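Each remark here refers to the structure printed beneath this line.
Any read-out appearing in this document is the output of simple, stated calculations on the displayed coordinates, not a laboratory observation. Note that the structure is a prediction, hence the values are computed from the model and not measured. When we count neighbours, we look across all protein chains shown, and the Cβ atoms used for this are built from the backbone with ideal geometry, even at glycine.
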Amino acid sequence: MNDLEVMSAAHDAVMTVVVISAPLLIVGTVVGVAVSLFQALTQIQEQTLIQAPKIFATFLTFLIALPFMAETSHNQFLRMVAQISAPTN
């Protein structure tokens, strides 16, 4: 593999990680902001109030997005194996 192929493979791997982790990060962020807004409006300053909904929402999102995450990861693995096993010129 030359430098361009290595950089392309690294870019593809990083983008796959971003795509796989995006649903969990987005849901965690949205739930965190919503709970923080609720806490600010009601002046309830309980630390466990912000953690429980985020953990529950992230776990639920993980269960829903798991087939997509597994398929994306599997496709990335197959692309890398094909790239590694491809004959070089």
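Where residues in region 29-78 are charged (D, E, K, R) and over 22 Å from THR16 (Cα atoms), which of them is surrounded by the fewest Cβ atoms within 10 Å (Cβ to Cβ)? It would help to see each step written out before you state the result.
Looking only at region 29-78, we keep the residues that are charged (D, E, K, R), and these are 46, 54, 71.
Imposing the further condition that a residue be over 22 Å from THR16 (Cα atoms) reduces the set to 46, 54.
Values: GLU46: 9, LYS54: 17.
This residue is GLU46.
Somewhere in region 31-41, is a residue touching a residue at least 24 places away in the same chain (Cβ under 8 Å), part of a helix (DSSP H, G or I) and either within 22 Å of PRO67 (Cβ to Cβ) or in contact with a strand residue (DSSP E or B) (Cβ under 8 Å, 6 or more places away or on another chain) (or both)?
Yes, because at least one residue in region 31-41 is touching a residue at least 24 places away in the same chain (Cβ under 8 Å), part of a helix (DSSP H, G or I) and either within 22 Å of PRO67 (Cβ to Cβ) or in contact with a strand residue (DSSP E or B) (Cβ under 8 Å, 6 or more places away or on another chain) (or both).
Taking MET1 as meeting all but one of (1) part of a helix (DSSP H, G or I); (2) touching a residue at least 24 places away in the same chain (Cβ under 8 Å), write down the number of the exception.
That leaves (1) as the condition not met.
Can you pull out the residues in region 4-51 that are more than 28 Å from THR72 (Cβ to Cβ), of a type in the set (A, V, I, L, M, F, W, C) and touching a helix residue (DSSP H, G or I) at 6+ places or on another chain (Cβ under 9 Å)?
VAL35, PHE38, ILE44, LEU49, ILE50, listed by residue number.
Condition check ((1) over 30 Å from LEU4 (Cα atoms); (2) assigned to a helix (DSSP H, G or I); (3) not basic (Lys, Arg)) across all residues:
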| residue | (1), (2), (3) |
| --- | --- |
| THR29 | yes, yes, yes |
| PHE59 | yes, yes, yes |
| ALA65 | yes, yes, yes |
| ASN75 | no, yes, yes |
| LEU78 | no, yes, yes |
| VAL81 | no, yes, yes |
| PRO87 | no, no, yes |
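Write out, first by first residue and then by second, each pair whose Cβ atoms fall under 8 Å of each other, whose residues are 6+ apart or on separate chains, and whose first residue, in region 14-25, is polar (S, T, N, Q) while the second is assigned to a helix (DSSP H, G or I).
Close Cβ pairs (under 8 Å, with a partner that is assigned to a helix (DSSP H, G or I)) amount to THR16/THR72; THR16/SER73; THR16/GLN76.
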